[in-house]
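Working notes, beginning with the structure itself.
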Amino acid sequence: MNKNKIIILVVIGLVAFVAWKVFGPTVSAPEGKYFYIRTGSTFNDVKEGLLKEHIIGGSFFFEKTAGMLHYTSAVKAGRYEIRNGMSIFNLVRMLRSGNQSPVNLVIIKLRTPEGLASLIAKNFECDSVSVMKFLSNPDSIARMGLDSNTVMTAIIPNTYGILWNSSFPKLFKKIQAEQEKFWTTERKQKATSLNLTPIQAYILASIVEDETTKQEDKGKIASVYLNRLETGMFLGADPTVIFALKDYSIRRVLNGHKEVQSPYNTYLHKGLPPGPVCTPSIKTIDATLNAPTTGYLYFVAQPNLTGFSNFSTDYQQHMIYAKAYQAWLTEFLKTKQAAAK
C-alpha cells in the first residue's frame, strides 16, 4: 500500500470519527431525562452542566459544534428533554432554538397561596418567595379583579402546560386565562340564577368540596347552604372552621373549635366566608351551579361507612339523624380501639 493510499485512509478515518462524534448517537439521557438551564446561564455553565450530568462524554466536539451553529452566545434558559442516543449536533440545535419541553402542572386541590407557592417552586424555576411576593401584592392581584382572600378563585384544578422558566406573573396569567375560559356565559347565568357571582359560587363549591367525596350528594349539600343563605341562617359549615384553624387533621368539629375568631368561621359570621377554603374540582363547581331546588336545611353523615349523608328540612328530623350517627360512630370507634389492642 503506497503512502498516498495510507493518507487517504487516515483522512477518511478521521472524517468518519468526527462525523460519528458530531452526528452519531453519542448523547446520553440524564436521570429524569430533562436538562435544565437557568435564566442568566452562560455557555460555560451549560457545558459544565452537560458534563456533570454525563450527557456528553467530553467538551471538545460540543464546543466545536456550538461554535459552528452560533450557540455560544445564544444560550436560552429552559427545560430540555434529552433523548438517549441523540447526536451532539441535534442537541446543540435544540438548545440553540430554545425548543424546550413544557411542564405539565397538575393542580388538584390546594388550600392557600402558600400551598400554590410550594407547588410552583417544586416544578418551575421561580421560587416560592417570588410567588408569594406577587400573590400578596394588592396591586398585582387587583388588576385581575382579585384580593388576598379571593386570589385562589383564579385557579381551576386542571393540567396546565407551562414553560419551566416562565416568570410567575406570566404563569399566573395563563392559569387565570383558563379560569376566564371556564366561566362561560352559561355558567355565569347559572350563578346569577342562584344570586351568586362566579367568585361566590366558587367559594360555596369549595365548602361543598370539603364536605363530601360523593358526587351524588354535592348538589344537595350545595342546596342546603343556598337555602341557609336565602333564609338568613348562619352557614355553620365545618370546613370553614377547619380552614380558620389551619388544622386539617381535625375530623370532628367540636363546640370549642366553633369559637375561633375568624371571618372564615361561618358559625359566628353570616353569609359566605371571604374566600374559598380549597380549590374545588370542576365537577364540584358544576354540581353547585346545578344544585337542585330543595327544602333541605340540614345534613349529617349516614350511620355507616358509605360516605353519604341524610338530609332534612327541619331541625327535629335532623337531630334524629344526628343522634343515630353519633351512636353509630361511638360504637364504631370502640370496636376499632378494641381490635387495635
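For this structure, a couple of remarks:
- log10 of Debye I(q)/I(0), alpha-carbon scatterers only, for the range 219-304 at 0.13 Å⁻¹: -0.44
- Across the range 94-143, counting alpha-carbon atoms alone, Rg and Dmax equal 13.7, 40 Å.
- In the complete set of protein chains, residue-level accessible area for Ser249 is approximately 80 Å², probe 1.4 angstrom.
- Principal-axis tilt of helix 198-211 within the chain, Cα atoms, nearest 10 degrees: 80 degrees
- When Rg and the Kirkwood Rh are both derived from Cα coordinates, the Rg/Rh ratio for the range 19-60 amounts to 0.99.
- Neighbour-limited loop hits for trypsin sites (Lys or Arg not before Pro), the range 27-60 (at most 16 other Cβ within 10 Å; DSSP other than H, G, I, E, B): Lys33, Arg38
- Aspartates and glutamates whose Cα lies under 18 Å from that of Lys188, excluding same-chain neighbours fewer than 8 positions away: Glu178, Glu180, Asp286
- Counting only Cα atoms, the range 149-261 measures 47, 34, 27 Å along its principal axes, largest extent leading.
- Highest-MSF residue in the chain out of Asn165, Asn104, Asn265 [GNM, Cα springs under 10 Å]: Asn104
- Take every Cα pair under 8 Å whose residues are at least 6 apart in sequence, average their separation, divide by the length of the chain, and the relative contact order is 14 percent.
- When restricted to Cα atoms, the range 9-163 yields an Rg and a Dmax of 20.7, 75 Å, respectively.
- Average Cα contact separation per residue, the range 101-173, under 8 Å, 6 or more apart, as relative contact order %: 46 percent
- Between 0 and 90 degrees, the angle of helix 315-340 with respect to the longest Cα principal axis of the chain falls at about 60 degrees.
- Taking trypsin sites (Lys or Arg not before Pro) across the range 108-158, the ones in a DSSP loop with at most 15 further Cβ atoms lying within 10 angstrom of their Cβ are Lys109, Arg143.
- Spread over its residues, the convex hull of the C-alpha atoms of the range 86-195 is 138 Å³ per residue.
- For the range 189-331, with all protein chains in place and a probe radius of 1.4 Å, 53% of the accessible heavy-atom surface sits on carbon or sulfur.
- Angle of helix 168-182 to the longest C-alpha principal axis of the chain, folded into 0 to 90 degrees and rounded to 10: 50°.
- Cα centroid separation - the range 152-201 against the range 269-296, whole Å: 16 Å
- Too-long pairs where the Cα-Cα distance tops 27 Å, listed order kept, from Lys33/Lys122; Lys246/Lys270; Lys33/Lys214: Lys33/Lys214
- Applying D = kT/(6 pi eta Rh) to the chain, where Rh is the Kirkwood radius over alpha-carbon pairs, T corresponds to 37 °C and eta to 0.692 mPa s, the Stokes-Einstein value obtained is 134 µm²/s.
The values are calculated or read from the model by the stated rules, or taken from the named source; none is laboratory data. Remember, it's a predicted structure, so these values are computed and weren't measured experimentally. Cβ coordinates were reconstructed from backbone atoms using ideal geometry, including for glycine residues, and neighbour counts include every protein chain displayed. The protein model used for the area step is the full one, side chains on, heavy atoms only, and it has no ligands, DNA or RNA in it. Shrake-Rupley method; radii C 1.70, N 1.55, O 1.52, S 1.80 Å.
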